[in-house]
Amino acid sequence: MNGSIAAPLLDWFDATKRDMPWRRTRDPYGIWISEVMLQQTQVDTVRSYWERFMRRFPTVTALAEAPVDDLLKAWEGLGYYSRARNLQAAARQIVERHGGSLPSEPGELARLTGIGPYTAGAVASIAFGRPEPAVDGNVVRVFSRLFWLDDDAARPAGRARLEGIARSLLAAPPAADRPGDFNQALMELGATVCTPRAPDCAVCPVRERCLAHATGDPEARPLRRSKPKVPYAEIAVGVCAHQGRVLVARRPTRGLLAGFLAFPSDRLAAGEPVPAGVSRALEASGVRAEILGPWMEFPFVFSSLRTTHKVFRAGYLGGAPVSGARWVDRRELEELALPTAFAPIREALLATPDWASLGPERAHV
Ligand code: SF4
């Protein structure tokens, strides 16, 4: 199969590739940032974020030294915030171990926080011209169809097989001469032509060599496998306004939305009444409050957890915010790097002209 798909694929890529700002740079740092942003976010969204992020943190050192709240603010809306934290941890490691320049060796890249085999391969091939595979979901789909594979990419053996195919393709020209372009061409084909539903085989540059196309049922690959069920939890959230300000608290350094400022909240035990969870969250923030009643409720789906956020109003009784918690006014709330999971509460607060109306006088209406 060597060389058989590479030439038409690269010709097609040269003629049709989408313009993306990170494709105009050879800066390994910029390429790394784009790869991390693209992992769980659409290309069109990433475009504007990437340019802003690169202006705000133009070098590895700038990212390593950035205040965490600035970083989270720049990431706000992209979701999966652990990516931003891992980026900064890796940036610090690059400064310490590699003098501020990304290493070109895939093994060194993979030792950095948050960089898995895919990102290491993508950066090594695109930024440094190394013949390393970069097998993302698009490439899994394209290979599964082209070569009519049954392998499960979620399992080590399946992953190894797919990477082995990529390596063998990258070992021969013309892919060997342009490994970064070849990897990007495979991903681009998966993203724009060999899509999950209704692949456009009529315009595909490798259809002559595609086994799935020959069967007439390309959607039969990759094989569908039932996904494990995502667990569910209810989250109690307290909105406690006092003298024109509202209470926010830093979340624990581990677990969901680690280290973020957010409205005091806690996961409810099975069957636990919401007010009990709200009280617990507020007390952990140092504030005693009367739980007044439900204010809003909305679902939010994290990658590893489905939730319903149950938000209650709370009237301040006493106490002072502990370290990490504080009162914020309307302007601060607007600018706060707040996780998307709490955005509906911020919006509702900003749409409420007088926060005193959330207090005890509304308790029994
Ligand atoms: Fe995918 Fe069709 Fe191209 Fe095969 S011919 S790689 S199924 S788009």
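Numerical summary
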{"item": "For Val139: the one exception among (1) free of Cβ contacts under 8 Å to residues at least 40 places away in the same chain; (2) buried (at least 21 other Cβ atoms within 10 Å of the Cβ); (3) among the hydrophobic types (A, V, I, L, M, F, W, C)", "result": "(1)"}
{"item": "Residue count, region 162-216 (criterion: more than 10 Å from the ligand (Cβ to nearest atom) and acidic (Asp, Glu))", "result": "4"}
{"item": "Scope region 149-170; condition part of a loop (DSSP other than H, G, I, E, B) and either more than 19 Å from Pro228 (Cα to Cα) or touching a residue at least 40 places away in the same chain (Cβ under 8 Å) (or both); matching residues", "result": "Leu149, Asp150, Asp152, Ala153, Ala154"}
{"item": "Qualifying residue in region 26-48 (condition: over 22 Å from the mean Cα position of the chain (by Cα), loosely packed, with under 14 Cβ neighbours inside 10 Å and either closer than 26 Å to Arg178 by Cα or free of Cβ contacts under 8 Å to residues at least 12 places away in the same chain (or both))", "result": "yes"}
{"item": "Single residue of region 178-230 satisfying the filter (among the hydroxyl-bearing types (Ser, Thr, Tyr) and in a helix (DSSP H, G or I)) that is farthest from Trp32 (Cα to Cα)", "result": "Thr215"}
{"item": "Among the residues listed as Leu282, Leu268, the single one being within 19 Å of Pro252 (Cβ to Cβ), touching a helix residue (DSSP H, G or I) at 6+ places or on another chain (Cβ under 6 Å) and surrounded by 18 or more Cβ atoms within 10 Å (Cβ to Cβ)", "result": "Leu268"}
{"item": "Tally of residues being more than 10 Å from the ligand (Cβ to nearest atom) and in contact with a helix residue (DSSP H, G or I) (Cβ under 9 Å, 6 or more places away or on another chain) across region 221-248", "result": "17"}
{"item": "Hits in region 333-348 (condition: surrounded by 14 or more Cβ atoms within 10 Å (Cβ to Cβ) and either of a type in the set (Ser, Thr, Tyr) or in contact with a Lys or Arg (Cβ under 8 Å, 6 or more places away or on another chain) (or both))", "result": "Leu333, Leu336, Ala337, Leu338, Thr340"}
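Readers should treat all values here as calculations from the given coordinates under stated rules, not as data from a laboratory. These numbers were taken from a predicted model, which means no experiment stands behind them. So basically every Cβ, Gly included, is an ideal-geometry build from the backbone, and we count neighbours across all protein chains shown.
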